[in-house]
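This report concerns only the one structure given below.
Read the figures in this text as sums done on the coordinates, not as results from a lab. This is a predicted model, so every value here is computed, not measured. As a convention, Cβ positions derive from the backbone with ideal geometry for all residues, glycine included, and neighbour counts pool all protein chains shown.
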Amino acid sequence: MAGPYLGNAKNTMDVIRRYDFAFQKRFGQNFLIDENILKKIVESAEISGDDCVLEIGPGIGTLTQYLASDAGKVIAVEIDRNLIPVLHDTLKEWNNVEIINQDILKTDLFSLAAEKNDGKNFKTVANLPYYITTPIIMHLLESNVPVDSITVMIQKEVAERMQAEPGSKDYGALSLAVQYYSEARVIVKVPCTSFIPRPKVESEVIHLKKYKEPPVKVSDRDLMFKIIRASFNQRRKTLANGIKNASGLSYTRENVEDVLKTCGYSASVRGEQLPLSDFARITDLLKMRYS
Ligand code: SAM
């Protein structure tokens, strides 16, 4: 079997020219041309011959070649139909790759896992299109789709939001979701020179290992995330005012202030000051006393 050969500017440009491929900005197409970064992504995803990898957005197949060289199987979901003939060509030497021409946001990942991997967990790996980073990651974390880990190239700012701690300006619903569902680790910072075309932002590869058991217990997870979203929807508001105004929640300001007092907070506390464990406690108390 041939080794991966697309992780450099020359071979990437050869493919682009051969197919007269026109980059589509709306699909967030920035192709990797840095072999060291590609190797780091695959290494940090800890892929072995037993694994089935779900790759989101294979592009011209650069990362796919590296993944397919290590994994048992790769399912690559690409939205741009102009890339499908390119992928069939660049991946022809790897017989363990299946290319699916679909929008990942409209793909039923439960059926995909059942059909392609006997319902077992995928490892998800991607150089994500930046315009849908947050919805994809939230979906992979929240929906219980069978996924062990998520290793993704994302915009540096989003990586920082994911790992932010209470009190920092980046702290929000995304930080809390990532911390509840997974252990996050930054693998490597990636300059814009590692891509064709060059993105305007810096990137980072981040590895999220999904917890088997979340680090905090809460009686109603969905309610906790509704409360979290409500408290960050209106950042300048106090937590009590944010929850009071939120659609889908039926607590009064007095209910929230009562519970905050039990937790040792003043009535004017804001969502961005609270750690995950306190959101869990507030949820439990609101549910117990006022639902
Ligand atoms: N993996 C390749 C690489 O590293 O060179 C390409 C990465 S490029 C940043 C993102 C890829 O995702 C593009 O090929 C783009 O067409 C594809 N894409 C964009 N939106 C998508 C979607 N909703 N579903 C599936 N693929 C998508």
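Here are a few things to note about the model shown:
- When only alpha carbons are used to place a centre, region 10-41 and region 236-291 end up 47 Å from one another.
- Net length gained if the chain between Glu46 and His88 were fully extended (0.36 nm per residue, minus Cα distance): 12.6 nm
- Rel. contact order, % - alpha carbon contacts under 8 angstrom, at least six apart, the chain: 15
- Using a Gaussian network model of the chain in which every pair of alpha carbons under 10 angstrom is joined by a spring, one finds that among Glu213, Glu46, Glu204 the greatest mean-square fluctuation is at Glu213.
- Helix-only [θ]222 nm of the chain, DSSP H runs n ≥ 4, -39500 (n - 2.57) each, per residue, nearest 500: -11500 deg cm²/dmol
- Bridging of Lys212 to aspartates and glutamates at a Cα separation below 16 Å is possible for Glu142, Asp148, Glu183, once same-chain residues fewer than 8 apart are set aside.
- Choice from Gly271, Gly59, Gly167 with maximal GNM fluctuation in the chain (Cα, 10 Å cutoff): Gly167
- Ignoring lysines fewer than eight residues from Lys106 along the same chain, the ones with Cα atoms less than 23 angstrom from its Cα are Lys25, Lys73, Lys116, Lys120, Lys123, Lys210.
- Ranked for footprinting exposure by Cβ neighbours inside 10 Å, fewest first, Cys52, Cys192 give Cys192, Cys52.
- Modelled FRET efficiency - R0 41 Å, Met13 with His139, Cβ distances, 0.05 increments: 0.75
- DSSP finds beta bridges in the chain, and of those with both partners inside it, around 45 percent are antiparallel.
- Cα shape, the chain, gyration tensor, a/c 1.5 rule: prolate
- For region 134-151, the Karplus equation 6.51 cos²θ - 1.76 cosθ + 1.60, evaluated at θ = phi - 60°, returns couplings of 5, x, 5, 5, 4, 5, 5, 7, 8, 8, 6, 5, x, 9, 7, 8, 10, 10 Hz by residue, with Gly and Pro reported as x.
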